[in-house]
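Okay, so here's the structure we're looking at.
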Amino acid sequence: MDLLLSSYAQEDSPTHGSSDPDSSPTRIPLPSKSAAPNVDDTMLSLTVSGQAHSQVHKPLDPTQHVVSFNPTYDQLWTPIVGPAHPYAKDGLAQGLRNHKLGFVENASIEPFVFDEQYNTYYKFGYAADPSENRYVGDVVGFEKNDGITVYNIPQHEQKKRKLEKKKEMMEESDQVVDAVEVQNPASETWLMNNRKSPWAGKKEWVQGELTEEQKKYAEEHAKKKAEKEGVEKEKGESHLDKSTFHGKEEKDYQGRSWIAPPKDAKASNDHCYIPKKLVHTWSGHTKGVSAIRFFPRHGHLILSAGMDTKVKIWDVFNSGKCMRTYMGHNKAVRDIYFTNDGTKFLSAGYDKNIKYWDTETGQVISTFSTGKIPYVVRLNPDDDKQNILLAGMSDKKIVQWDMNSGQITQEYDQHLGAVNTITFVDDNRRFVTSSDDKSLRVWEFGIPVVIKYISEPHMHSMPAISLHPNKNWLACQSLDNQILIYSTRERFQLNKKKRFAGHIVAGYACQVNFSPDGRFVMSGDGEGRCWFWDWKSCKVFRTLKCHDGVCIGSEWHPLEQSKVATCGWDGLIKYW
């Protein structure tokens, strides 16, 4: 069947030598493809309506943007030359072309097979003919090699290569290794039956029965692991209940415990003053001190958490000596917190354990752990909820335990970074948490849904937060060297009028605190100083050079209004 080609040999304008401008283009029959003669289409002249024209225009390219002549209507709307594209309406495959000339489809031979035979021919001199079931090239070589291809390496060749590789490795490391190849019996049969397979000769590891040697090794490994775990367990147990009392006697002649507050411990006046000189220094920790806490309400004892894994409690009023050492953690202690009556306290360590201690006897009442590092521990301040423990963890969660049952009763999981602080507000119905994700979140106690989320572009991480004595304000130690004040009422707004600055705390979780009357704000800094600001004017009132290195913790005495305790990474606790 002859193909018809639309002639594009039209006149430049319909009035130029044509009696019928609307006549359809002339179509000429072409000879078959096999007998097509060489034709110079530039010299071709066609007769249109009896008129000969010497100028012929080539077909228009539908993709070109510029045309160098004025085509006729018929030229513009003539069908595109050649067969229609199967996947395009207009004959052009928009986005479906996989070759610059159109489509190339795999036919009769896959790419992998082609590569295999191509490389085999250049390696061995023979290859399979895909059109016929025969081989071409070096027939003698084909019979000699048993028809293998470059991808079918025989077993003896595989062994030879492995031994050569081992020999090279031995020469490089100067170590003598027995070049014994361990064969896998599970796959040996399959390999023997599939010698011509692409994978023939490759001994892939398939899990089957263990050999005697492998069983022996597994038993020894399990034994060593059990011994190691046993040693660690014994080590942990040896730490668990160890506590040493350093005082003269645990009970006085009246039978009162050493933790009982003195009868004359009461507030001297309601007006606080900033300390000027050093009163006492406690030194007993062999490494830095990470936190200090005064005994609730009376302050006759002070508890300290050390990076030497120990927690110590010191006398403040009388002898000024260490009264008891609590040794239960095997890594640095991060945080400590007293119960309301001071008879018990919590400690959180980098060994991922939270321990609940009896202050008087030094016994560990219970231990809690989720397998993550606890950064902060708090008890619900309500007297009837002293059994509820909250811990901010390194895995972004705040975990709530019932210490009576030892069960986790709630998880608050909304933060995007490790949780650093937990502060109860609004009559202990809510609590505020800060995190490494540079945000503050307010929670309803017992409900794991955030009721307020505070995150601004200017905010930095706030690793220490303290509540004002009037319970209306939160002081947040921001890592951009300032203390920001947020309200604790419904809106939890930033108080832009109050901002305390001057100290350098970037990178350190320096504790921020208030005087009992709320007139002064206090904070340590990274250079060992303790800073005091006036609450109303926000001006620096005084600075004290307290420690060599970081002054990480500072606490105002609850009764003696002009005395302050500080602790630092130099291992000292100072009383001012």
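The values are calculated or read from the model by the stated rules, or taken from the named source; none is laboratory data. Predicted model, so just to flag it, every value in this text is computed and none were measured. Cβ sites come from the backbone with ideal geometry, for glycine too, and all protein chains shown count toward neighbours.
Looking only at residues of the stretch 489-513 that are out of contact with any Ser or Thr (no Cβ under 6 Å at 6 or more places or on another chain) and of a type in the set (A, V, I, L, M, F, W, C), we find that the one that is nearest to Arg430 (Cα to Cα) is Phe492. Tell me whether the stretch 254-271 contains one or more residues that are part of a strand (DSSP E or B) and touching a Cys at 6+ places or on another chain (Cβ under 8 Å). Checking the stretch 254-271: not a single residue is part of a strand (DSSP E or B) and touching a Cys at 6+ places or on another chain (Cβ under 8 Å). Of the residues making up the stretch 376-395, those that are in contact with an Asp or Glu (Cβ under 7 Å, 6 or more places away or on another chain) and either under 26 Å from Ala509 (Cα atoms) or of a type in the set (A, V, I, L, M, F, W, C) (or both) are Val376, Val377, Ile388. Could you tell me whether Ile422 is aliphatic (A, V, I, L, M) and surrounded by fewer than 19 Cβ atoms within 10 Å (Cβ to Cβ)? It is false that Ile422 is aliphatic (A, V, I, L, M) and surrounded by fewer than 19 Cβ atoms within 10 Å (Cβ to Cβ). In the stretch 294-317, the count of residues that are outside any strand (DSSP E or B), modelled with pLDDT of 85 or more and on the phi > 0 side of the Ramachandran plot is one or more.
If I filter the stretch 558-576 for residues that are part of a loop (DSSP other than H, G, I, E, B) and closer than 11 Å to Met522 by Cβ, do I get at least one hit? Yes: the stretch 558-576 contains one or more residues that are part of a loop (DSSP other than H, G, I, E, B) and closer than 11 Å to Met522 by Cβ.
Every listed requirement among (1) surrounded by fewer than 20 Cβ atoms within 10 Å (Cβ to Cβ); (2) closer than 21 Å to Ile259 by Cβ is met by Gly371 save one, (2). Only one of the numbered conditions (1) at negative phi; (2) touching a Phe, Trp or Tyr at 6+ places or on another chain (Cβ under 9 Å) is violated by Gly362, and that is (1). Residues considered: Ser455, Ser461. Of these, the only one that is crowded, with 18+ Cβ neighbours inside 10 Å and under 18 Å from Val419 (Cα atoms) is Ser461.
Here is a check on your reading of the model: is Lys355 surrounded by fewer than 19 Cβ atoms within 10 Å (Cβ to Cβ) and within 23 Å of Pro463 (Cβ to Cβ)?
no
Here Thr566 fulfils each of the conditions (1) surrounded by fewer than 20 Cβ atoms within 10 Å (Cβ to Cβ); (2) among the hydroxyl-bearing types (Ser, Thr, Tyr); (3) within 21 Å of Ile302 (Cα to Cα) apart from (1). Listed by position, the strands (runs of 3 or more DSSP E) contained in the stretch 413-491 that have at least 1 residues being touching a residue at least 12 places away in the same chain (Cβ under 8 Å) and among the β-branched types (Val, Ile, Thr) are 419-425, 430-435, 440-444, 450-454, 464-467, 482-487. Candidates are the residues of the stretch 425-452 that are acidic (Asp, Glu) and under 19 Å from Phe514 (Cα atoms); the one that is surrounded by the fewest Cβ atoms within 10 Å (Cβ to Cβ) is Asp427.
Sort through Gly568, Gly549, Gly524 and tell me the only one that's at pLDDT below 85 and either basic (Lys, Arg) or under 40 Å from the mean Cα position of the chain (by Cα) (or both). Within the list Gly568, Gly549, Gly524, the selection yields Gly549. Only residues that are among the hydrophobic types (A, V, I, L, M, F, W, C) and either loosely packed, with under 12 Cβ neighbours inside 10 Å or assigned to a helix (DSSP H, G or I) (or both) were counted across the stretch 117-169, and they come to 6. Is at least one residue of the stretch 535-542 hydroxyl-bearing (Ser, Thr, Tyr) and either assigned to a strand (DSSP E or B) or buried (at least 20 other Cβ atoms within 10 Å of the Cβ) (or both)? No, the stretch 535-542 contains no residue that is hydroxyl-bearing (Ser, Thr, Tyr) and either assigned to a strand (DSSP E or B) or buried (at least 20 other Cβ atoms within 10 Å of the Cβ) (or both).
Restricting attention to the stretch 157-190, the residues being at pLDDT below 80 and over 25 Å from Asp115 (Cβ atoms) number 18. Tell me, please, whether a residue that is exposed (fewer than 15 other Cβ atoms within 10 Å of the Cβ) and either out of contact with any strand residue (DSSP E or B) (no Cβ under 7 Å at 6 or more places or on another chain) or modelled with pLDDT of 90 or more (or both) can be found in the stretch 472-486. Yes, the stretch 472-486 has at least one match.
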